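Chemist: Before we start, here is the structure in question, set down as structure tokens.
Please treat every number below as a calculation from the coordinates, not as lab data. These numbers come from a predicted model, not from an experiment. Cβ sites come from the backbone with ideal geometry, for glycine too, and all protein chains shown count toward neighbours.
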């Protein structure tokens, strides 16, 4: 492209009916040829075929922009090149309130956390955490410090409630009718070696899909980490999970997750994020030293989830070979779980859970069946600086907030009846040459979570073995003692700046 003088402009180029490319041109005085920067390809609509066409037209570094709207997808799309799939806005959870307020039209006042950033005129929906069909929606009259004044114009249900999650509406919504197999997703993402795939600004909701996921993140050897941010995942209905991560690198931040609040009580049998890396390369995770905290010198050896809001449902399943860091998140009546090497081939490698807030509400007969904050079935990790209140209700009793188990002791599996230590049980790690004792450390968690060593399984082995004889305080785990030489990895994750990932 021949130019005279300096050019600094943005050009929209039509590439198909209803689809355009926005091209940034950068020129330098005295240089006759302009450099073509990354393009923004605007999809004709949110329909699967139009989004697929835009993805195919995009080149590495481009952004595929989805317009406002709602579309149901009956087929999946695949992203395998470093582009940014960007919706017009996902909305999502911005905070919570425990003010007792009656559902009805007109002015309503909610006490909230400070600095939610709500502005007059914004639309906000206050959703009852026990059943999302009961809500109030309206425009912000004022937001002062930690008080929200809302003019309600739209309601669902009736009654007075004191457990609300506050959400902004989505502009771009995709409904998942496509993923009807455990290994299938509405959006399949494959790492690229040349750059990072990004997804942002989209609400993904369950439709008629069964068993699959909204997004699968698939690993490529030598690939660059995938970034998902500023999205809202509603994984209700028959969907199995919101995101399946088949990797030990990547980043999710500023996202909202719920177990289908729109359709009633959230689903605690659904998982927001499952981390499960399998395949020939995955064996490295259990054959190399840990990369917890500052030992992850590049930030690319663990999968990071930060500044997310989980409302209802099971938020995590730390599974085969996973190395996961979860920090600065809110768990609003939501818990975390894991898999060991009994029903899964390998079991989790290690996890870090710190600087998070957990919220529990005793809602009488509508109390969610939340019997723990964290269930650890193997591997090692750290749990520190989390606000973890007591879980106690008339419906479900007084629960142990952190539970641990060696499930293989009582199950017919490859380690059934194994002497201590059971390979990959709680408190086991690897130093690069052999399995070693690598205790789980739990310290400085306000609320003083109670630890339980439990055996839930029927004794299929018939040897009357107990987890409490295999998981010992002061050997396999420590409480009130910091992990020696442990330092948290830098927050926020540097990828948030280096990839210029705006919403």
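Chemist: Can you give me the Cα centroid spacing of the range 150-187 and the range 316-381 in angstrom?
Modeler: Comparing the Cα centres of the range 150-187 and the range 316-381, I get a distance of 23 Å.
Chemist: Contour minus end-to-end for residue 153 and residue 328, with contour as 0.36 nm per residue of separation and end-to-end as the Cα-Cα distance?
Modeler: Numbers: separation 175, 0.36 × 175 = 63.00 nm, distance 3.31 nm.
Answer, rounded to one decimal: 59.7 nm.
Chemist: Let a ≥ b ≥ c be the square roots of the eigenvalues of the Cα gyration tensor of the range 196-275; is it rounded (a/c under 1.5), or, if not, prolate (a/b larger than b/c) or oblate? Walk me through the numbers on the way to the answer.
Modeler: Details: a/c = 2.43, a/b = 1.75, b/c = 1.39.
Prolate.
Chemist: Given the Cα atoms of the range 353-435, and with Rh set as the inverse mean 1/r over their pairs in the Kirkwood sense, what is Rg to Rh to two decimals?
Modeler: Numbers: Rg = 16.5 Å, Rh = 15.2 Å.
Computed over Cα atoms, the ratio is 1.09.
Chemist: How far, in nm, would the chain grow between residue 284 and residue 472 when pulled straight, counting 0.36 nm per residue and subtracting the alpha carbon separation? All intermediate terms of the calculation are to be shown ahead of the outcome.
Modeler: On the way: separation 188, 0.36 × 188 = 67.68 nm, distance 2.76 nm.
Net length gain for the segment: 64.9 nm.
Chemist: Another question, then. For the pair residue 146 and residue 454, what calculated FRET efficiency results from E = 1/(1 + (r/R0)^6), where r is the Cβ-Cβ distance and R0 = 30 Å, to the nearest 0.05? Display every interim value, and only then the final one.
Modeler: Details: r = 39 Å, r/R0 = 1.29.
The calculated FRET efficiency here is 0.20.
Chemist: Cα gyration tensor of the range 394-482, axes a ≥ b ≥ c as square roots of the eigenvalues: rounded (a/c below 1.5), prolate (a/b > b/c) or oblate? Please report the intermediate quantities before stating the final value.
Modeler: On the way: a/c = 2.74, a/b = 1.12, b/c = 2.44.
Oblate is the answer for the range 394-482, as a/c is 1.5 or above yet b/c matches or exceeds a/b.
Chemist: May I ask you to sort 372, 410 by Cβ crowding, counting other Cβ atoms within 10 Å and putting the fewest first?
Modeler: Values: 372 20, 410 24.
So the residues, fewest neighbours to most, are 372, 410.
Chemist: Quick one: 135, 351, 233, fewest Cβ neighbours within 10 Å first, how do they rank?
Modeler: Values: 135 22, 351 26, 233 31.
Ranking 135, 351, 233 by Cβ neighbours within 10 Å, fewest first, gives 135, 351, 233.
Chemist: Over the chain, what is the relative contact order in whole percent, taking alpha-carbon pairs under 8 Å and six or more residues apart?
Modeler: Working: 1533 pairs, mean separation 46.2, N = 503.
Once normalised by length, the contact order is 9 percent.
Chemist: How far apart, in nm, are two points set 7 Å out from the Cα along the Cα-to-Cβ line at residue 485 and at residue 80?
Modeler: That separation, rounded to one decimal, is 4.2 nm.
Chemist: Give me the compactness ratio for the range 172-498, meaning the Cα radius of gyration over 2.2 N^0.38 Å. Write down the numbers at each step before the final one.
Modeler: Working: Rg = 18.8 Å, N = 327, 2.2 N^0.38 = 19.9 Å.
Ratio of Cα Rg to 2.2 N^0.38 Å: 0.95.
Chemist: Another question, if that's okay. Can you say what percent of the DSSP beta bridges in the chain, counting only those with both residues inside, are antiparallel? Round to 5. Write out the running numbers ahead of the final one.
Modeler: On the way: 51 of 150 bridges.
Around 35 percent of the beta bridges assigned by DSSP in the chain are antiparallel ones.
Chemist: Using the 10 angstrom Cβ neighbour count as an exposure proxy, how do 394, 450, 323 rank, fewest first? Before the final figure, lay out each step's value.
Modeler: Values: 394 9, 450 16, 323 27.
So the residues, fewest neighbours to most, are 394, 450, 323.
Chemist: What full-extension length gain, to one decimal in nm, is calculated for residue 116 and residue 392 as 0.36 nm per residue of separation minus the Cα-Cα distance? Could you put the intermediate results ahead of the total?
Modeler: Working: separation 276, 0.36 × 276 = 99.36 nm, distance 2.90 nm.
Full-extension gain reported as 96.5 nm.
Chemist: Whole percent per 5 Å bin, from 0 to the bin with the longest distance: what is P(r) over all C-alpha pairs of the range 94-168?
Modeler: Bin by bin from 0 Å, the calculated values are 4, 19, 34, 28, 12, 3.
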